[in-house]
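Let me begin by presenting the structure, written as structure tokens, before commenting on it.
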Amino acid sequence: MIFTFKPPFDISGWTLEFNMAPSGGAIIITKAAVPINMVIGQFSFGLTHADTTQLPNAYVYEVWRTDTGNEVMLATGDLVIVEDAKY
């Protein structure tokens, strides 16, 4: 999943975290951001085959800024992994 801030702005030095949970359930996956171009606010999170062993199902995700003194949710949404998903 690739995220880009609109309008673009520099997020260099930020710590970003992706959390995924079954709808209405507890977090089952937490990932650190992979920088793409932090100067324009672009980063990604990847799910591996090992991450998706409990699938298919419907999930919710949140993206958080987690560096000290700046904990804030930046994005949230629904994520549906279908049977026979390709990795």
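The values are calculated or read from the model by the stated rules, or taken from the named source; none is laboratory data. Note that this is a predicted model, so its numbers are computed, not measured. Cβ: placed from backbone, ideal geometry, glycine included. Neighbour counts: every protein chain shown.
Is it true that Val39 is touching a residue at least 60 places away in the same chain (Cβ under 8 Å) and on the phi < 0 side of the Ramachandran plot? When the stated conditions are applied, Val39 does not pass them. When Thr30 is tested against (1) of a type outside the set (A, V, I, L, M, F, W, C); (2) within 15 Å of Leu79 (Cα to Cα); (3) touching a residue at least 24 places away in the same chain (Cβ under 8 Å), just one condition goes unmet, and that condition is (3). Here Leu74 does not fit the description of being at negative phi and either modelled with pLDDT under 90 or basic (Lys, Arg) (or both).
In this structure, does Phe9 turn out to be of a type in the set (Phe, Trp, Tyr) and in contact with a helix residue (DSSP H, G or I) (Cβ under 8 Å, 6 or more places away or on another chain)? Yes, satisfied. Residues that are of a type in the set (A, V, I, L, M, F, W, C), at least 3 per element: which strands (runs of 3 or more DSSP E) completely within the chain meet that? In the chain, 16-22, 57-65, 72-81 are the strands (runs of 3 or more DSSP E) which contain 3 or more residues that are of a type in the set (A, V, I, L, M, F, W, C).
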